[in-house]
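Asks: Right, I'll just put the structure down here and ask away after.
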Amino acid sequence: MKYISTRSGAPDLAFDDVLLAGLARDGGLYVPESWPQFSENDIRDLRGLNYQELAIRIMLPFLGDTIPDDDFANIVNDAYAQFDHPQIAPTKQLGDDLWVAELFHGPTLAFKDYSLQVVVRLFDYVLKKRGERVTIVGATSGDTGSAAIEACKDRDAIEIFILHPKGRVSNVQRRQMTTVLSANVHNIAVDGTFDDCQDMVKSLFGDEGFRDTHNLSAVNSINWARIMAQIVYYFWAAIELGAPDKKFVFAVPTGNFGNVYAGYAAKQMGLPIEKFIVASNENDILTRFFESGTMSMKPVVPTLSPSMDIQISSNFERLLFDRYDRDGKAVAKALDEFRRTQSIEFGQGRWQAMLEDFEGYRVSNDETKAAIRNVYEATGELFDPHSIIGVVAGQQFAVASDVIKIALATAHPAKFPTAVEEASGVHPELPAHLTNLFERKERLDELPNDLNLVSNFIAGKLAERKAA
Ligand SMILES: *Cc1c(COP(=O)(O)O)cnc(C)c1O
């Protein structure tokens, strides 16, 4: 299995190199050269497997011969060992034709655990084989940082530095990061905004000397291996509910388009999915695009679902690559125009082709709060402000009688207790493994919003760790 860049200007790579590279050298994203195929009978053969067994079967074709089967099986089994539900991603019925797939049973209560727990172990495995170490540096508004830290803690080949905006992440999110006391984990609270943090991370990666000296790396949502691990729960949920003999519609709370693109990949592999509802909050660039055929940028506004507060969805480029018939030069040209003019049409034919697979839906802050309350009163189920957006999008979508709608619940309600309690009057309880979160010791360093101080701090810590 070879991987190719969506801008056709970088070398083709094997899985292990794509894993460590993240972004392609031409600025593009890596995608597999072809999709592994699962026929109806192949899908029937997957029935009865547990989540880990299914995950191995779905992901193995993507690895080529880069990782021995047994080692990969150990990695997958270890990755999901600490999830707090035996089914890992249980499905629950919410209405006549609407189901929910719960993707919040990992250590940090959001779906990012499902990919990062696998991807970071793969990183560690490949690095150790090569005798290399990396420094992962990232900025977070909450969810990604905690999931990355939890996955990276105590891994031999990895140091991790996560910048978060001081006082601007929820107490639960902060504590999920700062109570991880492993020596290779470094939390930096920056006196600034999330954008300040992100700009500093970009500058650190842009500084070639710093990047090469410390072997900087990222595990952000454009990493192919994260998409790969997310394909699994689409197969899992659909098979649980009758695939390949039923058809499905998935409603997906969307930010960077990584999660819903993994669903699109599952469809290319043979899973019978009729449509994806791309559900957004008031940051609705994708919804406006699917409605109008024009993609145009707008400033980000803060909402109740911060992990979906994005201006541009980076993984959308992977879909564009297919709609441009895998002509990377044409993709690069279109994206360049978009960057210059902040607005673009990709052509009527391409837009129509995308509408075959996708439809957009937008949920405002007021609708989010009302829906958390209404769904709780009607069903007894409490949803967080991200998941409820998928539920609302799923509820409004009409389907034929042989089609099952599945909304992805991307975070546990206790991860966003303030918003949930304000909307519903109910305080969502943390799951058992986190009940003492507020008694745990925290460790973090506070730094001013100053690139030099932050880079010196990172270099200093790395020197200390090397000496130890
Ligand atoms: C990251 C995140 C999303 C958005 O997912 P994308 O893959 O970026 O589209 C939605 N909900 C939650 C809770 C998240 O953490």
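Asks: Return the pair list, or none, for Cβ contacts closer than 6 Å from residues in segment 295-306 that are free of Cβ contacts under 8 Å to residues at least 24 places away in the same chain to residues that are charged (D, E, K, R), at least 6 apart or on different chains.
Replies: VAL300/ASP309; VAL301/GLU282
Asks: Please verify whether segment 76-97 includes one or more residues that are closer than 24 Å to PHE38 by Cα, hydrophobic (A, V, I, L, M, F, W, C) and more than 17 Å from the chain's Cα centre (by Cα).
Replies: For segment 76-97, residues closer than 24 Å to PHE38 by Cα, hydrophobic (A, V, I, L, M, F, W, C) and more than 17 Å from the chain's Cα centre (by Cα): present.
Asks: Does at least one position in segment 418-426 carry a residue that is open to solvent by 10 Å² or more (accessible area, probe 1.4 Å) and within 14 Å of the ligand (Cβ to nearest atom)?
Replies: Yes - at least one qualifying residue is present in segment 418-426.
Asks: For segment 427-467: of the residues being among the basic types (Lys, Arg) and over 30 Å from LEU382 (Cβ atoms), which is least open to solvent (accessible area, probe 1.4 Å)? It would help to see each step written out before you state the result.
Replies: First, the residues of segment 427-467 that are among the basic types (Lys, Arg): 440-441, 443, 461, 465-466.
Cutting the leftovers down to over 30 Å from LEU382 (Cβ atoms) gives us 443, 461, 465-466.
Numbers: ARG443: 90, LYS461: 48, ARG465: 80, LYS466: 172 Å².
Here the answer is LYS461.
Asks: Looking at (1) farther than 30 Å from GLY460 by Cα; (2) in contact with a Lys or Arg (Cβ under 7 Å, 6 or more places away or on another chain); (3) without any contact (Cβ under 8 Å) to a residue 40 or more places away in the chain, can you tell me which one SER292 breaks?
Replies: The number of the failed condition is (2).
Asks: Name the pairs: first residue in segment 170-194 and touching a residue at least 40 places away in the same chain (Cβ under 8 Å), second residue of a type in the set (S, T, N, Q) and surrounded by fewer than 20 Cβ atoms within 10 Å (Cβ to Cβ), Cβ to Cβ under 6 Å, at least 6 apart or on different chains?
Replies: Sorted first by the residue in segment 170-194, then by its partner, the pairs are VAL190/ASN449; ASP191/ASN449; GLY192/ASN449.
Asks: Do any strands (runs of 3 or more DSSP E) entirely within segment 86-146 hold 1 or more residues that are open to solvent by 40 Å² or more (accessible area, probe 1.4 Å), and if so, which? Give the derivation first.
Replies: Working: elements: 91-93, 98-102, 134-139.
Fully inside segment 86-146 and qualifying: 91-93, 98-102.
Asks: Can you work out which of the residues in segment 400-413 that are modelled with pLDDT of 95 or more and among the aliphatic types (A, V, I, L, M) is surrounded by the fewest Cβ atoms within 10 Å (Cβ to Cβ)? Steps first, answer last, please.
Replies: First pass over segment 400-413, keeping only residues modelled with pLDDT of 95 or more: 403-413.
So of that shortlist, the ones also among the aliphatic types (A, V, I, L, M) come out as 403-404, 406-409, 411.
Working: VAL403: 17, ILE404: 22, ILE406: 27, ALA407: 29, LEU408: 29, ALA409: 28, ALA411: 24.
Only one residue tops the list, namely VAL403.
Asks: Okay, moving on. Would you mind finding the one in GLY9, GLY27, GLY48 that is out of contact with any Phe, Trp or Tyr (no Cβ under 9 Å at 6 or more places or on another chain), on the phi > 0 side of the Ramachandran plot, open to solvent by 30 Å² or more (accessible area, probe 1.4 Å) and assigned to a loop (DSSP other than H, G, I, E, B)?
Replies: Working: GLY9 fails: on the phi > 0 side of the Ramachandran plot; GLY27 fails: open to solvent by 30 Å² or more (accessible area, probe 1.4 Å).
Within the list GLY9, GLY27, GLY48, the selection yields GLY48.
Asks: I've got another one for you. Suppose we filter segment 1-38 for residues that are without any contact (Cβ under 8 Å) to a residue 24 or more places away in the chain and under 13 Å from GLU317 (Cα atoms); how many remain?
Replies: 1
Asks: Let me ask something else about it. From the list GLY22, GLY48, exactly one residue is out of contact with any Cys (no Cβ under 9 Å at 6 or more places or on another chain) and farther than 18 Å from TYR233 by Cβ. Which is it? Write out each step before concluding.
Replies: Working: GLY48 fails: farther than 18 Å from TYR233 by Cβ.
So the residue among GLY22, GLY48 that is out of contact with any Cys (no Cβ under 9 Å at 6 or more places or on another chain) and farther than 18 Å from TYR233 by Cβ is GLY22.
Asks: Also: Which one is nearest to TYR3 (Cα to Cα), of the residues in segment 220-242 that are open to solvent by 10 Å² or more (accessible area, probe 1.4 Å) and aliphatic (A, V, I, L, M)?
Replies: Filtering first and then ranking leaves ILE222.
Asks: Taking segment 282-315 only, how many residues are open to solvent by 30 Å² or more (accessible area, probe 1.4 Å), over 21 Å from ASN220 (Cα atoms), outside any loop (DSSP other than H, G, I, E, B) and within 15 Å of the ligand (Cβ to nearest atom)?
Replies: Within segment 282-315, residues that are open to solvent by 30 Å² or more (accessible area, probe 1.4 Å), over 21 Å from ASN220 (Cα atoms), outside any loop (DSSP other than H, G, I, E, B) and within 15 Å of the ligand (Cβ to nearest atom) number 0.
Residue-wise test of (1) in contact with a strand residue (DSSP E or B) (Cβ under 7 Å, 6 or more places away or on another chain); (2) basic (Lys, Arg).
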position: PHE235; (1), (2): no, no
position: PHE290; (1), (2): yes, no
position: LEU304; (1), (2): no, no
position: GLU317; (1), (2): no, no
position: ARG323; (1), (2): no, yes
position: ASP327; (1), (2): no, no
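Asks: Name every residue in segment 318-345 that is surrounded by fewer than 16 Cβ atoms within 10 Å (Cβ to Cβ) and among the hydroxyl-bearing types (Ser, Thr, Tyr), in order of residue number.
Replies: The answer is THR341, SER343.
Asks: VAL252 is checked against (1) over 19 Å from LEU23 (Cβ atoms); (2) open to solvent by less than 20 Å² (accessible area, probe 1.4 Å); (3) more than 12 Å from the ligand (Cβ to nearest atom) and fails just one. What number does that condition carry?
Replies: Looking at each condition in turn, VAL252 falls short on (3).
Asks: Here is a further query. Got a number for residues in segment 377-397 being of a type in the set (Asp, Glu) and out of contact with any strand residue (DSSP E or B) (no Cβ under 7 Å at 6 or more places or on another chain)?
Replies: Here is the first cut: in segment 377-397, the residues of a type in the set (Asp, Glu) are 377, 381, 384.
Among the residues that remain, those that are also out of contact with any strand residue (DSSP E or B) (no Cβ under 7 Å at 6 or more places or on another chain) are: 377, 381.
Of the residues in that region, 2 qualify.
Asks: Within segment 200-217, is there a residue that is within 16 Å of the ligand (Cβ to nearest atom) and under 22 Å from the mean Cα position of the chain (by Cα)? Write out each step before concluding.
Replies: Taking segment 200-217 as the starting set, the residues that turn out to be within 16 Å of the ligand (Cβ to nearest atom) are none.
Scanning segment 200-217, I find no residue that is within 16 Å of the ligand (Cβ to nearest atom) and under 22 Å from the mean Cα position of the chain (by Cα), so the answer is no.
The values are calculated or read from the model by the stated rules, or taken from the named source; none is laboratory data. Note that this is a predicted model, so its numbers are computed, not measured. Quick reminder, even Gly has a Cβ in these numbers, built from the backbone with ideal geometry, and neighbours come from all protein chains shown. To get the accessible areas, we keep the full protein, side chains included, count just its heavy atoms, and leave off ligands, DNA and RNA. Shrake-Rupley method; radii C 1.70, N 1.55, O 1.52, S 1.80 Å.
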